[in-house]
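Colleague: The structure is given below, and queries will be raised subsequently.
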Amino acid sequence: MRRLWVQVHLWLGITLGALGIFIGITGSILVYDHAIDAWLNPARYAVTGTQAALAPGEYLKSAAQALEGRARPFNLRMPEEEGMPVVVFARGKERDGPTRGAIRLYLDPPTGRVLDVPPGGGFIAFVHAFHENLTLREYQGREIVGLVGFAMLISSLSGLYLWWPARGRLREALGMRGRFTLSRNLHYLSGFYCALVLAMLSFTGIWLAYVDAGRAVVSVFSAVPPRNVQAPEAAEGDKPLPLGKAIQTAQSLYPGAPLAGVGLPAGPRGTYRVNLHTGGSRAPVNNAAVFIDPRSGAVLRNTGPATRSGGEKFLVVQRLLHTGDILGPAGRALLFVTGLLPALFVVTGTMMWLRQRRA
């Protein structure tokens, strides 16, 4: 069995591990994406105040004017922290042909003035796309990333098994061993101390890569509603519901909850999706999503901390663990370091393999 796991560990490392290097590095960048983006693009974060003084519709209107008909806004995100801009996402209209990714517009919260419209979304947008789907969304890129997640999960757990020392030698194995080369010591010790964190990142990443399959698995054990919410088909004479009305309807379910973001209806059966910070906290685990019929104003689904099923809570926690949003500053720092380890493992593991082949 040990010989078998050595071969599995080796070949996963020198094949899919190569992709794991870049997925890990981009994941480390995303742990501090806002800070890095602000450092690279200070003008994008040159806000004149911390309060979002305008109605959400005014930000969308300002973004639409800046786009001059080239694209249609479809999503609005309010500032997550003080000093951050409002972000509007837009997508090219059909007459312009298919567009690759979304256009991002950064707006000043107090005035609604457009601060930046980076071509292609900018560096951080590219990192997001690469980490999620290798920028190959149309070619099963997300599924390939999930496959790498399986490989990293097996590698981290098999590496822990292969590292495990014989009886009575555990204390020696916890530190540098003089008879080993530096590369071997780094491979063993980094693998031991971070194996479980890397396994957690791989495990949670698998759920994010295979969204529909993951929901199907969870639904066997707990009720999970369909991922997509559709409004009834429009009838003759129906009038569109103003955005402000949809937000008021959602906030009536959570009095005093500030707006986190809103998605606009897409297609003939699309809905408003209103995201709110509930529970007096901006922690992502407390976010609620309310889906509103864009014509009647009826609440089609209310997904909040108190209304989620056990299966929904499990899926939400997978994302929050993967991003580190519920781990605090120390946990996020640990995730940052762990994301860099696949590069270390592949390099040191290859050195060990080549050294053994020469011997």
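The values are calculated or read from the model by the stated rules, or taken from the named source; none is laboratory data. Since the model is a prediction, treat every value here as computed from it, not as a measurement. Note that each Cβ is placed from the backbone with ideal geometry, even for glycine, and that neighbours are counted across all protein chains shown. We work out accessible area using only protein heavy atoms, side chains counted, and drop any ligands, DNA or RNA first. Shrake-Rupley method; radii C 1.70, N 1.55, O 1.52, S 1.80 Å.
Colleague: For residue 257, state whether it is in contact with a strand residue (DSSP E or B) (Cβ under 6 Å, 6 or more places away or on another chain), free of Cβ contacts under 8 Å to residues at least 40 places away in the same chain and assigned to a loop (DSSP other than H, G, I, E, B).
Modeller: Spelling it out, residue 257 is indeed in contact with a strand residue (DSSP E or B) (Cβ under 6 Å, 6 or more places away or on another chain), free of Cβ contacts under 8 Å to residues at least 40 places away in the same chain and assigned to a loop (DSSP other than H, G, I, E, B).
One line per residue, one yes/no per condition, for (1) surrounded by fewer than 18 Cβ atoms within 10 Å (Cβ to Cβ); (2) in contact (Cβ under 8 Å) with a residue 24 or more places away in the chain; (3) touching a Gly at 6+ places or on another chain (Cβ under 6 Å):
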{"residue": "189", "(1), (2), (3)": "yes, no, no"}
{"residue": "192", "(1), (2), (3)": "yes, yes, no"}
{"residue": "216", "(1), (2), (3)": "yes, no, no"}
{"residue": "227", "(1), (2), (3)": "yes, no, no"}
{"residue": "236", "(1), (2), (3)": "yes, no, no"}
{"residue": "249", "(1), (2), (3)": "no, yes, yes"}
{"residue": "286", "(1), (2), (3)": "yes, no, yes"}
{"residue": "290", "(1), (2), (3)": "no, yes, no"}
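Colleague: Can residue 184 be described as out of contact with any Cys (no Cβ under 7 Å at 6 or more places or on another chain) and closer than 30 Å to residue 19 by Cβ?
Modeller: Yes, satisfied.
Colleague: Out of the residues in the range 20-53 that are of a type in the set (A, V, I, L, M, F, W, C) and open to solvent by 60 Å² or more (accessible area, probe 1.4 Å), which is modelled with the lowest pLDDT?
Modeller: Going through the qualifying residues, I end up with 53.
Colleague: Name the one entry in 310, 304 that is surrounded by fewer than 16 Cβ atoms within 10 Å (Cβ to Cβ), over 30 Å from residue 36 (Cβ atoms) and in contact (Cβ under 8 Å) with a residue 12 or more places away in the chain.
Modeller: Going through 310, 304 in turn, the sole match is 310.
Colleague: Looking at the range 84-102, can you tell me whether even one residue there is under 20 Å from residue 262 (Cα atoms) and among the polar types (S, T, N, Q)?
Modeller: No.
Colleague: Can residue 260 be described as open to solvent by less than 30 Å² (accessible area, probe 1.4 Å) and touching a His at 6+ places or on another chain (Cβ under 7 Å)?
Modeller: yes
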